[in-house]
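The values are calculated or read from the model by the stated rules, or taken from the named source; none is laboratory data. Nothing here was measured: the structure is a model prediction, and the numbers come from that model. For neighbour counting, all protein chains shown are included, and Cβ atoms are generated from backbone atoms with ideal geometry for every residue, glycine included. Note: areas computed on protein heavy atoms with side chains; ligands, DNA, RNA excluded. Shrake-Rupley method; radii C 1.70, N 1.55, O 1.52, S 1.80 Å.
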Amino acid sequence: MEKTIEESKQGESLVLENKAQNSKKLFIESYGCAMNFSDSEVVASILSENNYNTTTILEEADLVLINTCSIRDKAEQTIRKRLEKYNAVKRDLNPKMKVGVLGCMAERLKTQFLEEEKIVDLVVGPDAYKDLPNLLQEVESGNDAINVILSKDETYGDISPVRLNTNGISAFVSITRGCDNMCTFCVVPFTRGRERSREPESIMAEIQKLWNTGYKEITLLGQNVDSYLWYGGGLKKDFGNASEFAQATAVDFAQLLENVAVTFPKMRIRFSTSNPQDMHEPVLHIIARYHNICKHIHLPVQSGSDRILKAMNRLHTREEYFNLINRIRAIIPNCTITQDMIAGFPTETEQDHQDTMSLMSHVKYSFGYMYSYSERPGTMAGRKLDDDVPEPTKARRLQEIVDLQREHSAFRTQEFLGQTVEVLIEKESKRSADEWAGKNSQSIMVVFPKENYKAGEFVNVTITDCTSGTLKGVAVGYSEMN
Ligand code: SF4
């Protein structure tokens, strides 16, 4: 869960794969983590079989769906603001429009949503999207509709997602749902339920389809990808009771990653998110062995203090985290490591904060997602701990963390000066129409003159300059990945 594309990124649906016979229009927006964006593609697919094509024009939509995030209070406030906007459009321009709320906020608030937000006709939790056609019938007959039942086995493995917001080059492929970790600050185990892994065949079939349609990069997604485990379905935690045959033929994350790398040697493979206690050496060796697996690990830690890690129920110590970092550096020397950090968790002292700063200085992350603590109702921390760090202290500590990260990011990008890196061209640079932008294997954005190269091509680029977030260079030819 931890890495979020979040509040900063809003989804607008592109009209892709629309069907001529469909007569209704769906406007779908996504907020929060990559999983939500991936889920919206599943929802668009389910509704494309039920007479809905996607539109980017809110005012013409028959149905507006907003896929929501509950990770922080700020994220929820953003959703409330969007509902106000929908309300105005419905009142002034499009009175027939129906509005549904999907995702984590739907799961957290349930019927409360229908009571608090009169604009909302439909509330659907993350495991209930296949019920949307039935729920919409209910809405058509003039009733509100809700399904927030969490599932033990739903993975949407049988749904072929309709790609939204796509550049036709990179796509998300979800491999697990839910989380069993129960970090005390996190609402995800309550909104997305228990951890389930998706059948490997359906993952491979989805990647094959993406490859056949020209995609060059996939990101395998899950709240906790390293604990992926397929032994025939069901909850991961029941694995111990599975038959000997199921155990012997089980597929774990290292095997899945290797299967994907070998089957699609010209496809770039990313994955997110990893949890320190679940990331083991076999995965590191697979990452090192295959050129097409990107050398980037997003490894949230949240705090550098053992006392706070324990209060967060993070299930690893500072020392264990350092040991893992050391193994990553030894096995994959060119790997970037990125973080998630929370400033001002309940009871956090100045010494705990300094422990976080010293952990960061030890690792020198390439990038990070950093937030001040936001109490989430219903979580263990929300119920048991006072949100006792004053807001100005949280803000000051967060700023110190952000400033330190900026220094480390600059240090890390400078390491690339003079190196030649492989870049997958994704889009035109925001700064200049004469330049391409795309990421290298280490997930750092690289900008370089277009020359005759095209979007979707892999190009070797020699790095000549950098900022703390971007590398600049000159293309020196195509890479072997083309
Ligand atoms: S409970 Fe922990 S591991 Fe699971 S999604 Fe939340 S932060 Fe991530």
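The 3J(HN,Hα) values that the Karplus relation (6.51, -1.76, 1.60; θ = phi - 60°) gives for segment 176-190 are, in residue order, 9, 10, x, 7, 9, 7, 6, 4, 5, 8, 9, 8, 4, x, 8 Hz. Gly and Pro appear as x.
Can you bin segment 420-478 into rounded, prolate or oblate? Criterion: square roots of the alpha carbon gyration tensor eigenvalues sorted a ≥ b ≥ c, rounded for a/c under 1.5, prolate for a/b above b/c, oblate for the rest.
It is rounded, given that a/c, with a ≥ b ≥ c, falls under 1.5.
Taking amide H as placed 1.01 Å from N in the peptide plane, Gln442 has its amide H under 5 Å from the amide H of Lys295, each at least 5 places away in sequence or on another chain.
Rolling a 1.4 angstrom probe over the chain with all protein chains present gives an accessible area of which 51% lies on carbon and sulfur atoms.
In this structure the amide hydrogen of Leu65, modeled in the peptide plane, comes within under 5 Å of the amide hydrogens of Phe27, Ile28, Glu29, Gly100, none closer than 5 places in sequence on its chain.
Computed on protein heavy atoms with a 1.4 Å probe, the accessible areas place His353, His285, His291 in the order His291, His285, His353, largest first.
Isolated cysteines in the chain, defined as those with no second cysteine Cβ under 4.7 Å, comprise Cys33, Cys69, Cys104, Cys179, Cys294, Cys335, Cys466. Trp211 sits with roughly 90 Å² accessible to a 1.4 Å probe, with DNA, RNA and ligands left out of the calculation. Thr467 contributes an accessible area of around 60 Å² to the protein surface, as traced by a 1.4 Å probe with all chains present. Relative contact order for the chain: 10 percent, from Cα pairs under 8 Å spaced at least 6 residues apart, divided by residue count. Only DSSP H runs of four or more residues enter the estimate; each adds -39500 (n - 2.57), and after division by the residues of the chain the mean residue ellipticity at 222 nm equals -10000 deg cm²/dmol. Once both labels are positioned 7 Å from their Cα atoms along Cα-to-Cβ, the gap between Arg327 and Gln419 label points is 2.3 nm. Distant-in-sequence amide contacts of Val123, defined by a placed amide H-H separation under 5 Å and a gap of 5 or more residues or a different chain, comprise Val101, Ala145, Ile146, Asn147. Taking θ as phi - 60° and the Karplus parameters 6.51, -1.76 and 1.60, the scalar couplings of segment 389-399 work out to 8, x, 3, x, 5, 4, 5, 5, 5, 4, 4 Hz in sequence order, x denoting glycine and proline. Within the full protein context, the accessible area of Asp465 is estimated at about 80 Å² for a probe radius of 1.4 Å. For segment 87-98, putting each phi into the Karplus relation 6.51 cos²θ - 1.76 cosθ + 1.60 with θ = phi - 60° gives couplings of 4, 5, 5, 5, 5, 9, 10, 9, x, 7, 4, 9 Hz, in residue order, rounded to whole numbers and with x for Gly and Pro. Applying 1/(1 + (r/R0)^6) with r as the Cβ-Cβ distance of Asp434 and Asn482 and R0 = 25 angstrom yields a FRET efficiency of 0.70. Computed from the C-beta positions of Gln247 and Thr462 and an R0 of 60 Å, the FRET efficiency is 0.75 to the nearest 0.05. With all pairs of different alpha carbon atoms counted, what Kirkwood hydrodynamic radius in Å does segment 5-147 show? This gives a value of 14.8 Å.
Only Cα pairs under 8 Å and 6+ residues apart enter the sum, and on that basis the relative contact order of segment 60-182 stands at 19 percent.
Give the average over all directions of the projected area of the C-alpha convex hull of the chain, one decimal, in nm². Reported value for the Cα convex hull: 23.2 nm². Model label sites at Lys118 and Lys266, defined 7 Å from Cα along the beta-carbon direction, differ in position by 5.8 nm. The residues of the chain expose on average 41 square angstrom of accessible surface per residue, using a 1.4 Å probe on protein heavy atoms.
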